[in-house]
Each structure stands twice: as structure tokens, then as C-alpha cells.
Amino acid sequence: MHIGIVNWSLFYGKGGIERCANILAGALLERGHSITLFFNQSIKRLEKPAFPVPPGVSVIGLEFYTGLLKLDKARQTLVNARLDALVVMMSWGEFVWFPVLLKGTGIPMILSEHSNPEFVISKWNAIERMACMELADHIHVLTSGFAATFPEEMQNRVSVLPNPADINRGPLSGSGKNKRKILLGVGRFEENPKQFSFLIRAFALIADSFPDWDLRLCGNGRSFEEYVT
């Protein structure tokens, strides 16, 4: 299959979606699929992506913020790619363009939402978001709790998959038998949507059983004091 993945902020973002999209692209490529990443051509602040694109994955820019002619060009770009499916990996407003872009093309659209729906709605619009989800051929969310927020008639189109991890990485330099093991969490210290409190509580439950492990969090944000206390 030829699968398109929308990694919209590939050339200006350094967060979880950008990393996850590239990991997914590499994993699908290893399974024998052809993969094309689509990114926002209108904003390109980095000379190269913050997270490396796997060799063999194609990269194509889309631009459609400046008028209907650009929208038609973006649609034609997607059609010319001859995709068997398009996975749109985002967290809010840019979702709204893709049902319009794909209408009439015959390309199945999978909307992959990578945040807490409550947080997404606060950044976007609840009605607009649900309208986009209704037009998707399938919907992906990160947790069963997020899936439960969709109405019953949409549940057969919702799948739950947590974020991927690259399990092929070897041990970090300097690790060894005499070194303490570290469980590292990196991200914004904002309880909604990051929810580091779950990681802190989970580690506290098992810490006595793993005395050679430490939990280390790196980041900053509004919930810093809450996590420290």
C-alpha cells in the first residue's frame, strides 16, 4: 500500500506528533509499504526536520492557506500521489482542511488525534472538531478514555493505540551494571493534557520493588510546583 501521513509541523515542530509520525513512517516502511510524509509548506523554519525522516520515505509539502487556487493545488498533489490511505496526525484546527481536500478523491482518511479531547476543544471548536471526525473513514485516539468521548454511533470507527516507542534503540552510553537505571519523562509540565501525575503515581506504586530505578522528569510548565510537591 501507498500510505500518506500528515506530519504537518515536520519542519518547525519538535514535539511528540512530529516524532511519532516519523516512527510510524519507518515502521510501515519496514513492513513493505510505500510512505509519503506531507508537511506544511507555508511554515518551514528548520533546514531539516527535528526528528530524522527514515531513508526511503518521501516528503512532500502542501500549501493552502492563501486562497482557493492553493487549495486546488494541494488537492491535486494528494491525488497525484496515488495514495491508498491518508493518516492525518494532528491535535486541533488544521484537521478542518483535510475533509475538504479529500472530498471526491476516493482517498480514505484516518484522523489521528494526539491529545486529550477536552484540551483539543479548548484550543479549537467542539462542533467543528466533531464534524471533521464524522467525515473520517476511521478515527485513532491514544486511550480508551478518549475513545469513550465519542457517541455510540461512531464507536465502530474508533481505534485506540498508544504512542509508539522505538524499541530497537540500544542502551545509552555510560550505562552498566553499576549504574542506576533511569525512567525518563520529557515534556511540558501541564497536567492537561500531559498528565505526568499518572506516571508519578504509577512509579510510586512499584518503586519499592525496583530499588535500583529512579524516575526523572525533565521539562517546565504551569504544573511544575504540583509535581514537585
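The values are calculated or read from the model by the stated rules, or taken from the named source; none is laboratory data. Quick caveat: nothing in here was measured; it's all calculated off a predicted structure. Positions of Cβ are generated from backbone atoms using ideal geometry, with glycine treated the same way; all protein chains shown enter the neighbour counts. For accessibility, only protein heavy atoms count, side chains too; no ligands or nucleic acids. Shrake-Rupley method; radii C 1.70, N 1.55, O 1.52, S 1.80 Å.
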If we keep just the residues of region 76-97 that are in a loop (DSSP other than H, G, I, E, B) and open to solvent by less than 50 Å² (accessible area, probe 1.4 Å), which is nearest to Phe64 (Cα to Cα)? Ala81
Taking only region 193-229 into account, find how many residues are of a type in the set (S, T, N, Q), open to solvent by 80 Å² or more (accessible area, probe 1.4 Å) and not in a helix (DSSP H, G or I). 2
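Criterion first (open to solvent by less than 20 Å² (accessible area, probe 1.4 Å), among the charged types (D, E, K, R), more than 23 Å from Glu63 (Cβ to Cβ) and in contact with a helix residue (DSSP H, G or I) (Cβ under 8 Å, 6 or more places away or on another chain)) does Glu113 satisfy it? Write out each step before concluding.
Numbers: open to solvent by less than 20 Å² (accessible area, probe 1.4 Å): yes; among the charged types (D, E, K, R): yes; more than 23 Å from Glu63 (Cβ to Cβ): yes; in contact with a helix residue (DSSP H, G or I) (Cβ under 8 Å, 6 or more places away or on another chain): yes.
So Glu113 fits the description; yes.
If the requirement is being more than 12 Å from Met90 (Cα to Cα) and either in contact (Cβ under 8 Å) with a residue 60 or more places away in the chain or under 13 Å from the mean Cα position of the chain (by Cα) (or both), which of these qualifies: Ile3, Ile17, Ile43, Ile35? Spell out how you get there, then give the answer.
On the way: Ile17 fails: more than 12 Å from Met90 (Cα to Cα); Ile43 fails: either in contact (Cβ under 8 Å) with a residue 60 or more places away in the chain or under 13 Å from the mean Cα position of the chain (by Cα) (or both); Ile35 fails: either in contact (Cβ under 8 Å) with a residue 60 or more places away in the chain or under 13 Å from the mean Cα position of the chain (by Cα) (or both).
On inspection, the qualifying residue turns out to be Ile3.
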State all residues of region 105-155 that are part of a loop (DSSP other than H, G, I, E, B) and among the hydrophobic types (A, V, I, L, M, F, W, C); if no residue qualifies, say none. Ile107, Trp124, Leu135, Ala136, Leu142, Ala148, Phe150
